[in-house]
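Heads up: the structure comes next, in structure tokens.
The values are calculated or read from the model by the stated rules, or taken from the named source; none is laboratory data. Since the model is a prediction, treat every value here as computed from it, not as a measurement. Reconstructed Cβ throughout: ideal geometry from the backbone, glycine too, with neighbour counts over all protein chains shown. Side chains are part of the model used for accessible areas, which takes the heavy atoms of the whole protein and leaves out ligands, DNA and RNA. Shrake-Rupley method; radii C 1.70, N 1.55, O 1.52, S 1.80 Å.
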Amino acid sequence: AQKVTQAQTEISVVEKEDVTLDCVYETRDTTYYLFWYKQPPSGELVFLIRRNSFDEQNEISGRYSWNFQKSTSSFNFTITASQVVDSAVYFCALSTSGAGSYQLTFGKGTKLSVIP
Amino acid sequence: ETGVTQTPRHLVMGMTNKKSLKCEQHLGHNAMYWYKQSAKKPLELMFVYSLEERVENNSVPSRFSPECPNSSHLFLHLHTLQPEDSALYLCASSQDPIAPGGWVSYEQYFGPGTRLTVT
């Protein structure tokens with residue numbers, strides 16, 4: 001069975017601090033994809049990144065960076081120099097061919113509050 | 001318009017009403033999805049359509065009835081709902097993950113959702 005765990009339910013940081021959101025996944029499939037989405041108060045999920053299981057390179061996009069470690073089944077997300085606009089719920093998700101090709105298994109989300 | 005749009009954004013309905021949610025995508029995708037998001041629960045996949053055919057139905061009660069007339073439009077018809085059906089209903093679209101070369105999982109693009117309240 002597939003599972004995504006986001007152990008941090010809520011995090012509060014002061015603006016300009018760095019923050020890391022944790023994501024741990026479980027799957028027996030060797031081919032899988034991991035995703036991060038952002039859900040601001042408006043409700044729409046915004047796609048941030050997709051990573052497949054064969055690409056363990058870390059990625060940086062502006063203030064965002066992702067650390068993929070297969071050895072610990074983790075795909076953590078770091079925001080550098082956080083801003084108020086980063087306040088949202090962030091979801092990590094997993095997709096595997098074995099689970100049904102269309103299925104995205106989401107974690108419960110981490111609510112990030114950035115305080116000015 | 002661009003992206004994925006949903007109407008209405010808010011809906012209040014009684015348990016005996018019949019209503020429909022509409023989703024439209026302008027991304028040229030051929031797979032569309034309905035999700036339910038309840039408070040304090042992970043997003044739940046309800047239905048998936050690929051090339052206008054339903055490919056997944058995750059044990060959703062029959063009071064929810066999807067319809068996909070073409071690859072750009074998706075509907076969710078609602079009837080005799082229960083108060084526990086109150087939630088945010090999200091539509092999404094993506095490229096189809098089943099390709100001649102094998103399976104690839106593409107990112108899904110979501111609409112803003114319909115906030116449904118059943119009284």
³J(HN,Hα), Karplus 6.51/-1.76/1.60, whole Hz, each residue of the stretch B:104-119, x for Gly, Pro: 9, 9, 9, 5, 9, 10, 9, x, x, x, 10, 7, 9, 10, 9, 9
Rounded, prolate or oblate (a/c below 1.5 giving rounded, otherwise prolate when a/b exceeds b/c) for the stretch A:42-116 by Cα gyration tensor: oblate
Hydrodynamic radius by Kirkwood, which averages 1/r over all alpha carbon pairs of the stretch B:1-62, in angstrom: 13.6
Per-residue SASA entry for B:Lys19, accessible area with 1.4 Å probe, Å² rounded to 10: 90
Contact surface A-B: accessible area buried, both sides summed, square angstrom, 1.4 angstrom probe: 2100
In sequence order, calculated HN-Hα J values of the stretch B:79-87 (Karplus, 6.51, -1.76, 1.60; Hz; x Gly/Pro): 8, 6, 6, 10, x, 6, 7, 4, 5
Cβ neighbours within 10 Å from other chains - mean over B:87-93: 1
Cα gyration tensor shape of the protein assembly as shown, rounded if a/c is under 1.5, else prolate or oblate by comparing a/b with b/c: oblate
Inter-chain Cβ neighbour average for residues B:38-44, partner chain, 10 Å: 4
Simple Cβ-charge dipole of chain B, Lys/Arg +1 and Asp/Glu -1, about Cα centre, in debye nearest 20: 520
Gap separating the Cα centres of the stretch B:39-55 and the stretch B:9-27, nearest whole Å: 15
Net charge over other residues, Cβ less than 10 angstrom from the Cβ of A:Phe35 (K, R count +1; D, E count -1): +1
Those residues of the stretch A:67-116 for which accessible area with every protein chain present is at least 40 Å² below the isolated value (1.4 Å probe): A:Ser101, A:Tyr102, A:Gln103, A:Leu104, A:Phe106, A:Lys108
Neighbouring partner chain Cβ atoms per residue of A:58-64, average, 10 Å criterion: 0
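With 20 Å as the limit, write out which pairs from A:Lys16/A:Lys70; A:Lys38/B:Lys36; A:Lys3/B:Lys36; A:Lys3/B:Lys40 have Cα-Cα distances beyond it, or answer none.
Over 20 Å Cα-Cα: A:Lys16/A:Lys70.
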In order through the stretch B:58-73: 3J(HN,Hα) via Karplus (6.51 cos²θ - 1.76 cosθ + 1.60), integer Hz, x for Gly, Pro: 7, 6, 8, x, 5, 6, 10, 10, x, 8, 10, x, 7, 5, 9, 10
